[in-house]
Amino acid sequence: MGYTFVEKVLARKAGKKEVMPGQIVTVRPDHLLTHDNTAAIIGKIGPELDRYGIADPEVPVIVLDHVIPASNEKTATNHMRIREFVERFGVKNFFDVGEGVCHQVLVEKGLALPGQVIVGSDSHTCSYGAVNTFSTGIDRTEAASILLTGETWLKVPQTVKITLEGHLGKGVSAKDLILTIIGSLTASGASYKCVEFHGNIERLTIGSRFTISNMGVEMDSKGAVFPFDNVTERYLKAAGAESEPVWADDDAKYHSEHVFEMGEMEPSIATPHKVDNHRTVRELLGLPFHQCFIGTCTNGRYEDLKTAATILKGERVSKRTRLLVCPASRSELLKAESDGTLNILLEAGAVVLPPGCGPCLGAHQGVMAPGERTLSTANRNFKGRMGCKDAEIYLASPATVAATAIYGVLTDPREVKI
Amino acid sequence: MKVWRYGDSINTDMLFPGKYTYTCSTPEEVIPHLLEDLDPTFHEEVKEGDMLLVGDNFGCGSSREQPVLGLKAVGIEAIIGRSFARIFYRAAINQGLILIECPEAVDAYEPKDEVELDLEKGKVRVGDKEFSFPKLPPQILKIRDAGGLLEYARMKLNER
């Protein structure tokens, strides 16, 4: 009998010949991601850090991204404590404010590699499945424990196999694809399971795969992984990384299997306040939006900004709305700057924010007033998520958000030039 | 003992709004905002030994552990749910907060029913009906019984 991706990765990591779903294994993760919450994490273990230090300075990856630059004295003090911690324990991989959203930074610096196990105190840690990494979210307490001991336990999950057939149509993107899948499988459809993507993936860029894996947690999956192929190889070579890919056997045993026809998918949105509230854009055309937001670890990469610029070239953002653009990283912003993409967005009237999480989590920047409505490329539309419980968040692709920004009302990107 | 009932897909933003994530971390800071956008008077009315009875996918969303910290700190004895989101489930083990996944018990509950837990036997009694739930594996019970993951980690570090 064959094995799934996650069974192989966890067996290798736990030093066992094979592992079975339900089995609990102890592993030493290749990396532990933490961000602004590092301050709270190290605050839990002050005396232990004095006494034992950290298990391995190569393991933590710390990125300041959630509230950057600091918005008040408290967040500034958190950042200061994190910098002191990094200096004191010689943490090798530290990225200060402005480098980008942690998940984007980790992948583009070649720190997430095929076949590795990475955990992080952020639910979207599952993003690295895009480059064939098993990665998953944990809480702050567990991150504190791993800093000290270097190890943790994982229950080997069952796996859900998703096969993608056909190809996405013009104006339909990876975001529409994952919103459609989550709408079909539901927000708890992959609970405690790892999701594997099979089928026609060769036209999906690493950015597109990132968007899909990133939202794996929105169906409560433990990981959401793609195989290693020529696309992954080229990307990782450019990042200067070596890799030992892993993939499922053809006769692996799955919890369930689903097939999705990409050619049938349409520009999609998730309506408040659940990510699995799937509608097609066509069903809600004309719905007014006070704010349009392009960015985040889901859709703030160069290719997303480029898509938006293609639609916004020579246009102006409607007076009925405002457009916020928050690049996922400095490096993605630089790409957008070098070929004029950024200029097009600025000339159209976009407000460009520093690379980071920006308005996504409602801690600062782009907070809405009661009764307002945002169309966002982020991954969550929970009530209160963007800082106001009486505001509404709809999720969509960069193309749909850009097209909507021109008119101030929900617009099908296929109806404007693309 | 009061049973607090909530429905399906209660997410981490409803349990503890994200806007406080980087300014409130200790139980004292968390409690005033606990369930703020779901049930604003909960934190004032909840009493030690109360239980939560919840629907599917409770705690979905962020890796935010403040809801777990807060619910443990106000003395919630256990949360009985149809199902829990993965990270929330793990965070509860790490804080020593008891979660019981038992959809039958949730569906059987009628207002004013007494709810009693027997963790040893893996049984929950709702009114006059009794249901079984799977116990946690022994490796994981060690963490909960130590009082949470950090206490467990401290124990292991001291043994080295």
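Some observations on this one:
- Residue B:103 loosely packed, with under 15 Cβ neighbours inside 10 Å and either farther than 18 Å from residue A:151 by Cβ or at the interface with chain A (Cβ under 10 Å from one of its Cβ atoms) (or both): no
- Qualifying residue in region A:391-414 (condition: surrounded by fewer than 22 Cβ atoms within 10 Å (Cβ to Cβ) and without any contact (Cβ under 8 Å) to a residue 24 or more places away in the chain): no
- Being without any contact (Cβ under 8 Å) to a residue 24 or more places away in the chain, out of contact with any helix residue (DSSP H, G or I) (no Cβ under 7 Å at 6 or more places or on another chain) and either polar (S, T, N, Q) or within 14 Å of chain A (Cβ to nearest Cβ) (or both) holds for only one residue in B:123, B:112, B:135, and it is B:135.
- Checked across region A:193-205, the condition of being part of a helix (DSSP H, G or I) and farther than 24 Å from residue A:265 by Cα holds for no residue.
- Flag if residue A:31 is over 30 Å from residue A:10 (Cβ atoms) and at pLDDT 95 or above: no
- Any hit, region A:11-18, residues being surrounded by fewer than 23 Cβ atoms within 10 Å (Cβ to Cβ), within 29 Å of residue A:240 (Cα to Cα) and touching a Lys or Arg at 6+ places or on another chain (Cβ under 8 Å): yes
- Assessment of region A:212-219 against the conditions (touching a residue at least 60 places away in the same chain (Cβ under 8 Å), among the hydroxyl-bearing types (Ser, Thr, Tyr) and either more than 23 Å from residue B:86 (Cβ to Cβ) or in the same structural domain as residue A:106 (by TED's automatic domain parsing) (or both)) yields at least one matching residue.
- Residue within region A:24-39 that is in a helix (DSSP H, G or I) and either under 23 Å from the mean Cα position of the chain (by Cα) or within 11 Å of chain B (Cβ to nearest Cβ) (or both) present: yes
- Region A:94-126 - residue that is closer than 21 Å to residue A:28 by Cα, away from chain B (no Cβ under 14 Å) and small (Gly, Ala, Ser) and, of those, nearest to the chain's Cα centre (by Cα): A:112
- Entirely in region A:263-368, the strands (runs of 3 or more DSSP E) that have 1 or more residues that are of a type in the set (A, V, I, L, M, F, W, C), in contact with a strand residue (DSSP E or B) (Cβ under 8 Å, 6 or more places away or on another chain) and more than 26 Å from residue A:109 (Cα to Cα): A:268-270, A:291-295, A:322-326
- Test result for residue A:171, on the phi > 0 side of the Ramachandran plot, touching a helix residue (DSSP H, G or I) at 6+ places or on another chain (Cβ under 7 Å), more than 12 Å from chain B (Cβ to nearest Cβ) and surrounded by fewer than 24 Cβ atoms within 10 Å (Cβ to Cβ): yes
- A single entry from B:64, B:90, B:82 fulfils the requirement of being among the charged types (D, E, K, R), closer than 26 Å to residue B:145 by Cβ and in contact with a Pro (Cβ under 6 Å, 6 or more places away or on another chain): B:82.
- Per-region count, region A:57-88, residues part of a loop (DSSP other than H, G, I, E, B) and surrounded by fewer than 18 Cβ atoms within 10 Å (Cβ to Cβ): 5
- Residue satisfying all of: in region A:44-56; part of a helix (DSSP H, G or I), in contact (Cβ under 8 Å) with a residue 24 or more places away in the chain and surrounded by fewer than 20 Cβ atoms within 10 Å (Cβ to Cβ); farthest from the other protein chains (Cβ to nearest Cβ) among these: A:49
- When region A:337-356 is filtered for residues that are closer than 13 Å to residue A:308 by Cβ, aliphatic (A, V, I, L, M) and buried (at least 17 other Cβ atoms within 10 Å of the Cβ), the ones remaining, listed by number, are A:342, A:344, A:345, A:348, A:350, A:352.
- One residue stands out in region A:199-227 among those that are over 11 Å from residue A:130 (Cβ atoms) and of a type in the set (Lys, Arg): the one that is nearest to the chain's Cα centre (by Cα), namely A:222.
- The condition (being away from chain B (no Cβ under 12 Å) and free of Cβ contacts under 8 Å to residues at least 40 places away in the same chain) is satisfied by just one residue among A:201, A:181, A:162, A:138: A:201.
- Annotation for region A:73-87: no member residue is at pLDDT 95 or above and under 20 Å from residue A:332 (Cβ atoms).
- Positions within region A:369-387 being part of a loop (DSSP other than H, G, I, E, B) and either of a type in the set (Gly, Ala, Ser) or more than 9 Å from chain B (Cβ to nearest Cβ) (or both), in sequence order: A:369, A:370, A:371, A:372, A:377, A:378, A:379, A:381, A:384, A:387
- Within the set A:100, A:115, the sole residue that is surrounded by 21 or more Cβ atoms within 10 Å (Cβ to Cβ), at pLDDT 95 or above and at positive phi turns out to be A:100.
- Residue within region A:234-244 that is within 14 Å of chain B (Cβ to nearest Cβ), part of a loop (DSSP other than H, G, I, E, B) and out of contact with any Cys (no Cβ under 7 Å at 6 or more places or on another chain) present: no
- The criterion of being over 23 Å from residue A:267 (Cβ atoms), buried (at least 21 other Cβ atoms within 10 Å of the Cβ), outside the structural domain of residue A:129 (by TED's automatic domain parsing) and not basic (Lys, Arg) does not hold for residue A:359.
- If only residues of region B:66-77 that are at pLDDT 95 or above and out of contact with any Phe, Trp or Tyr (no Cβ under 8 Å at 6 or more places or on another chain) are counted, the one that is surrounded by the fewest Cβ atoms within 10 Å (Cβ to Cβ) is B:75.
- Flag for residue A:351 being more than 14 Å from every other protein chain (Cβ to nearest Cβ) and modelled with pLDDT under 95: no
The values are calculated or read from the model by the stated rules, or taken from the named source; none is laboratory data. Because the structure is a prediction, the values reported are computed rather than measured. We place every Cβ from the backbone using ideal geometry, glycine too, and count neighbours over all the protein chains shown.
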